[in-house]
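The values are calculated or read from the model by the stated rules, or taken from the named source; none is laboratory data. Predicted model, so just to flag it, every value in this text is computed and none were measured. Reconstructed Cβ throughout: ideal geometry from the backbone, glycine too, with neighbour counts over all protein chains shown. Heads up: the accessible areas ignore ligands, DNA and RNA and are worked out on the full protein's heavy atoms, side chains in. Shrake-Rupley method; radii C 1.70, N 1.55, O 1.52, S 1.80 Å.
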Amino acid sequence: MLTALAGGVGAARFLRGLVAVVPPETVTVIVNTGDDEVFHGLHVSPDLDSVTYTLAGADNPETGWGLAGETFRTVEALERYGHETWFRLGDTDLATHLHRTERLRAGASLSEVTSEIVTAWGVRSRLLPMTDDRVATRITVQNPDGATTELAMQDWFVRRQAEPPVVSVRFEGADRSEAAPGVLDALDDAETIVICPSNPVISIGPILAVPGIRDALIARRDRVVGVSPIIGGKPVRGPADRLMGPLGIEVSCVGVARAYADFCSTLVIDAADAEHVAAVEALGVRGVVADTLMRDARIAAALARETLAAVA
Ligand code: GDP
Ligand code: CA
């Protein structure tokens with residue numbers, strides 16, 4: 001049994017490789033829900049959907065989000081009524097959000113709905129939201145006039161293209177949230193726990209903020225292996241650097257190692273960062289060098305194999 005902590009796209013790419021080298025049904029994925037947001041009255045869970053669509057082989061490799069062959073006629077039609085449509089929801093993707101919203105309104109938990117969606121897509125791994133409670137990532141940014149404003153994560157990231165400088169981040173509701181059913185058991189029972197190459201601040205951060213999860217990881221530290229999302233001092237894509245810097249996390253695999261050191265015994269870093277192995281190991285984290293830039297599914301599978309071998 002394997003358990004992985006996951007955000008969206010970086011995690012999904014890694015997990016596609018992982019399920020190519022171990023039986024998919026032995027994998028449990030604990031997914032960030034801090035990015036969840038209501039758009040047009042619909043509950044959207046971007047990271048759960050990215051992982052589901054990718055494991056189903058239905059993801060859009062060009063955009064890196066959403067479904068392959070997607071169209072956007074419905075959101076375009078909404079513009080007629082003056083709706084803001086900066087968060088692009090595809091026509092087919094909408095079916096997922098309609099189903100999720102209807103089931104949540106009928107009283108189902110997010111874990112139950114997630115399991116239905118995953119099954120409907122033929123995905124054989126288990127996907128668990130980190131919590132069934134509402135946790136919302138909020139980003140405080142600096143305005144040009146020096147004042148600060150708190151933004152919802154998608155407002156900062158998608159609508160404002162991650163441009164406003166970040167002052168702080170919080171996970172609203174996390175302190176009163178409970179880990180979703182199965183989450184803590186999946187950490188206690190796993191042979192290996194993988195921290196996917198995801199944004200350390202807003203993908204892995206919210207999962208760690210759910211009471212009990214960080215302690216469960218600390219208890220299993222020697223079985224926890226991470227993959228650095230930072231290569232050569234830069235994220236492969238996305239705004240990790242815009243968040244890590246202001247929060248005092250060095251934008252490098254060494255910064256990732258420092259942020260994870262209390263619960264992660266081993267970190268896989270890119271061959272381009274081989275010179276940093278000593279700095280990683282000085283933090284008490286074993287550094288393992290591999291090709292971590294997942295240009296295709298074959299490289300992702302090789303990376304997954306090396307990641308598991310690193311703590312075997
Ligand atoms: P998001 O929620 O869609 O932003 O997804 P994640 O948090 O899971 O992934 C974003 C992170 O994945 C970014 O910090 C990227 O640097 C990282 N990432 C994306 N592709 C790769 C890759 O091929 N290799 C590595 N090592 N990291 C990657
Ligand atoms: Ca995300």
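If you restrict to DSSP beta bridges whose two residues both lie in the chain, what percentage is antiparallel, to the nearest 5?
45
Note on region 136-175: Cα-only Rg and Dmax are 10.0, 32 Å. Averaged over residues, the count of other Cβ atoms within 10 Å places the peptides 204-210, 194-200 in the sequence 194-200, 204-210, highest first. Along the Cα-to-C-beta direction of Val21, a point sits 7 Å from the Cα; which residues of region 164-192 have their amide N less than 20 Å from that point? Within reach of a label on Val21, which here means backbone N under 20 Å from a point 7 Å along Cα→Cβ, region 164-192 contributes 190-192. Backbone phi angles across region 283-299, fed through the Karplus curve with coefficients 6.51, -1.76 and 1.60 (θ = phi - 60°), yield HN-Hα couplings of 8, x, 10, 6, x, 10, 9, 8, 7, 9, 7, 7, 5, 8, 5, 5, 5 Hz in residue order; Gly and Pro are listed as x.
Looking at region 92-167, none of the GluC sites (Glu not before Pro) sits in a DSSP loop with at most 13 other Cβ atoms within 10 Å of its own Cβ. For the chain, the Cα gyration tensor yields ellipsoid semi-axes of 29, 23, 19 Å (square root of five times each eigenvalue, largest first, whole Å).
For region 71-87, putting each phi into the Karplus relation 6.51 cos²θ - 1.76 cosθ + 1.60 with θ = phi - 60° gives couplings of 10, 10, 5, 5, 5, 5, 5, 5, 4, 4, 8, x, 6, 7, 10, 5, 8 Hz, in residue order, rounded to whole numbers and with x for Gly and Pro. If R0 is taken as 25 Å, the Cβ-Cβ distance between His99 and Asn60 corresponds to a FRET efficiency of 0.80.
For Asp47, Asp296, the ranking by accessible surface with the largest value first comes to Asp296, Asp47, using a 1.4 Å probe. Rounded to the nearest 20, the size of the Cβ-charge dipole of region 41-138 about its Cα centre is 220 debye, with Lys and Arg at +1 and Asp and Glu at -1. With a Förster radius of 41 Å, plug the Cβ-Cβ distance of Arg176 and Thr74 into 1/(1 + (r/R0)^6) and report the FRET value to the nearest 0.05. Once the sixth-power term is evaluated, E becomes 0.70.
Segment Asp262..Asp145, full-extension length gain: 38.3 nm, with 0.36 nm per residue of separation and the alpha-carbon distance subtracted. Whole-Hz Karplus values for region 134-141 come out as 7, 10, 10, 6, 10, 10, 8, 10 Hz, taken residue by residue from phi with 6.51 cos²θ - 1.76 cosθ + 1.60 and θ = phi - 60°; glycine and proline positions read x.
Which FRET efficiency value, to the nearest 0.05, do you get for Ile218 and Asp291 by plugging their Cβ-Cβ distance into 1/(1 + (r/R0)^6) with R0 = 22 Å?
Result of the calculation: an efficiency of 0.15.
If you take the Cα centroid of region 46-71 and the Cα centroid of region 1-38, the two points sit 13 Å apart.
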